[in-house]
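No lab work stands behind these numbers, since they all come straight from the coordinates. Since we're looking at a predicted model, the values are computed, not measured. Cβ atoms come from the backbone with ideal geometry, glycine included; neighbour counts cover every protein chain shown.
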Amino acid sequence: MSDLSLLTWVLVLAALVLGILAGHFGWGKRWPGPLSKLHPDYLTGLDYLVTEQPDRALDMFLKLMDANAETIETHFALGSLYRRRGEVERAIRIHQNLLARKGLAPEHREQALLALAQDYLRAGVLDRAEGLFQQVSEVPRLRVSALDALRGVYERQHDWSQALGAYRQLARIKAAPARTVAAHYLCELATVAIERGDMLVARSLLDQAREEALPFPRAALLGAQIAEREAQTDLAVKLLRQALSESPTLLQEELPHLLKLVGPAERDAILSELVAQTELRGFDELKRLVFAAIAADLGSAAPLRASIQKVFSQDATLQAVWQVGPAQSERIAQEIGALLAQAEKYRCNECGFSGRNFYWHCPACHAWDSFEAYAIVKLR
């Protein structure tokens, strides 16, 4: 059943239910004479829906609203349905028609403004959405919805100062999301400061981020970036190791970077320490380290040999590969590494978006901290 057919049947079923209830309870007897029968435009609109002419059906329902003010909630529902289906132009027409009505109750006008702002946001017209959300945020009963949506608009515009301001307003009325969101905004601002060479401001912003959320591996990574720029290699290594300890998800992204900063003599010591840490966390974390190491062409590293053998021999999906024999473990690791080099390495656990790059903020669903290492190999 197509989306259009589903909408058609929902509206037809709703009409039938209302008709049955009206007949059972005798509502028509209490209605004024002109409304004791179904309005002709209503029947015409249903006919247009059944014959799959949604634009004409929408025109009829908009005319109906002018004829009967009691249909206003129905039009809000219809506009919301159009927006969820991606038919944003129709949703905008409905809500603009509502706002053009004379004598519209204040609460309905405010609701229509919020709905229109949501339409523009769905359509990607961010400047119009921003202006309407700002206007609606002055309405106490809609303040939380408007501020949270406004925060999302600023995120899409990468206006992190404004996003942080909206977050602070939500925090004051105890309606803010997790404090890690504010920490990410501060890290985004710190990244901008690093790019323009203002390390003093960047450090201050990272300190604020740690006050919002601790532990917070992203702040450690940015601190390592600052230390590396200032030739403080030991501090950079320390902060990178801290970040990997706090968030093993970063192994695939940051392990090569860490090993590049240390000498060959220190490499084995760091890998041994990482093996010990991951073994304490369980088999899944050990497997994460093994694949990160293979992707970084470290399959032959002495501290990892036993771990690679353990993962390949115990993982149900890898046992068949390992039957070739441990003697060829290095060749197997190289072949898997070549596959991983072409793989989409990360996936958002909220929406399923995948790609080769790691994101703190999912570009598809805009969730924070939702990316995890998850190799997806495309066969061509």
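Shown is the FRET efficiency for C365 and S300, computed with R0 = 30 Å from the Cβ-Cβ distance and rounded to the nearest 0.05: 0.15.
What the phi angles of the range 198-208 give under the Karplus curve with 6.51, -1.76 and 1.60, with θ = phi - 60°, is a coupling list of 9, 6, 5, 5, 4, 4, 4, 5, 5, 4, 5 Hz, glycine and proline written as x. Across the range 123-273, the mean sequence separation of Cα contacts (distance under 8 Å, 6 or more residues apart), normalised by length, yields a relative contact order of 12 percent. Rounded to 0.05, the FRET efficiency of the R143 and V192 pair, given R0 = 25 Å and the Cβ-Cβ distance, is 0.30. Once C-alpha pairs closer than 8 Å and six or more residues apart are averaged by separation and normalised to the residue number of the range 80-156, the relative contact order reads 23 percent. Between E211 and E273, full extension at 0.36 nm per residue minus the direct alpha carbon distance yields a gain of 19.5 nm. Modelled spin-label separation between A123 and K310, with each label point placed 7 Å from Cα along the Cα-to-Cβ direction: 5.8 nm. Highest mean packing first, where packing is the average number of other Cβ atoms within 10 Å per residue, the peptides 254-266, 197-209, 179-191 line up as 179-191, 197-209, 254-266. Binning the C-alpha pair distances of the range 183-293 at 5 Å intervals from 0 yields a P(r) profile of 2, 13, 21, 21, 19, 12, 9, 3, 0 %, listed from the shortest bin outward. Using a simple spin-label model with pseudo-atoms 7 Å out from Cα toward Cβ, M199 and E89 lie 5.5 nm apart. Across the range 216-307, the mean sequence separation of Cα contacts (distance under 8 Å, 6 or more residues apart), normalised by length, yields a relative contact order of 25 percent. Checking the cross-link pairs K174/K345; K260/K287; K102/K174; K310/K345 against a 26 Å limit on the alpha carbon distance flags K174/K345; K102/K174 as lying beyond it.
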